[in-house]
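So the structure is just underneath, and the comments pick up after that.
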Amino acid sequence: MRLDQKLIAQMIAPGSRVLDIGSGDGSLIDHLFRERGCDARGIEIDMQEVTRSVAHGLPVVHGDADHDLAHYPDESFDYVVLQRTLQAVERPREVLRQMLRIGRHAIVSFPNFGHWELRLKLLTTGRMPNTAVWSTPWFATPNIHPCTIRDFLALCSGESYRVIEWMAIDEEGERAPWRRSIRLANLFGEQALFLLGRNEPASRDERLK
């Protein structure tokens, strides 16, 4: 599995109900089922990947995060995962809302467009940059809403999502040592990983305090 998938798996409690959005070849689902005893299933827009997953006995259905999440009942899952897909969906804010409606927790990983190498290449060449993470030319990329770590945190704050855990990681497989600093993570982290929860409304006794 990719590094972000391994870190995602570590965030998920054994025996949990998991929906993996953009599950690809099903590597994360297979790992969660075999190693952590999870009831894990996936939704994937690429029919070839769906066929490959189903051929390996994995419960993956063909679907679109922008439109199909609305059909799932509230709190159907303990964790809803969106791995490297947030920047490719049409309505990222609505997708996050749906994730935290149908799941108790949401786990999101995405490439950080605020990384220094991307900034430098854009500044010096005046063209959309290519790196190991952003590896396709602008006219062929599926990424339609690139964001930075600070952009994502601003969205979470605006939507009142609880950030339970976050980390910046690099493409070589290491957690960034600056993960305690948002500003440095936004500059040096190639990828970001967030575990989110809903801010539950206060109880009657808490409101009366």
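The values are calculated or read from the model by the stated rules, or taken from the named source; none is laboratory data. Quick caveat: nothing in here was measured; it's all calculated off a predicted structure. No Cβ is skipped: glycine too gets one built from the backbone with ideal geometry, and neighbour counts run over all protein chains shown. Only protein heavy atoms, including side chains, enter the accessible area calculation; ligands, DNA and RNA are left aside. Shrake-Rupley method; radii C 1.70, N 1.55, O 1.52, S 1.80 Å.
Kindly indicate whether any position in the range 78-98 is of a type in the set (Phe, Trp, Tyr), more than 22 Å from Met167 (Cα to Cα) and at pLDDT 95 or above.
Checked the range 78-98: no residue is of a type in the set (Phe, Trp, Tyr), more than 22 Å from Met167 (Cα to Cα) and at pLDDT 95 or above.
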Lone unmet requirement of (1) touching a His at 6+ places or on another chain (Cβ under 6 Å); (2) more than 25 Å from Pro142 (Cβ to Cβ); (3) not small (Gly, Ala, Ser) for Asp39: (1)
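Taking the range 163-209, which residues are modelled with pLDDT under 60, open to solvent by 60 Å² or more (accessible area, probe 1.4 Å) and of a type in the set (A, V, I, L, M, F, W, C)? Don't jump to the end; show me each part of the working.
From the range 163-209, those modelled with pLDDT under 60 are 173-179, 201-209; that's our starting set.
Okay, now just the ones that are also open to solvent by 60 Å² or more (accessible area, probe 1.4 Å), so 174-175, 177-179, 201, 204-209.
Of everything in the range 163-209, those that are modelled with pLDDT under 60, open to solvent by 60 Å² or more (accessible area, probe 1.4 Å) and of a type in the set (A, V, I, L, M, F, W, C) turn out to be Trp178, Leu208.
When the residues of the range 81-119 are filtered to those that are outside any helix (DSSP H, G or I) and of a type in the set (Val, Ile, Thr), which remaining residue is most open to solvent (accessible area, probe 1.4 Å)? Walk me through how you get there before you give the answer.
Kept after step one, since they are outside any helix (DSSP H, G or I), are these residues of the range 81-119: 81-85, 89-91, 103-115.
If we keep only those that are of a type in the set (Val, Ile, Thr) as well, we get 81, 85, 89, 107-108.
Details: Val81: 0, Thr85: 29, Val89: 7, Ile107: 0, Val108: 0 Å².
Checked the range 81-119; the qualifying residue most open to solvent (accessible area, probe 1.4 Å) is Thr85.
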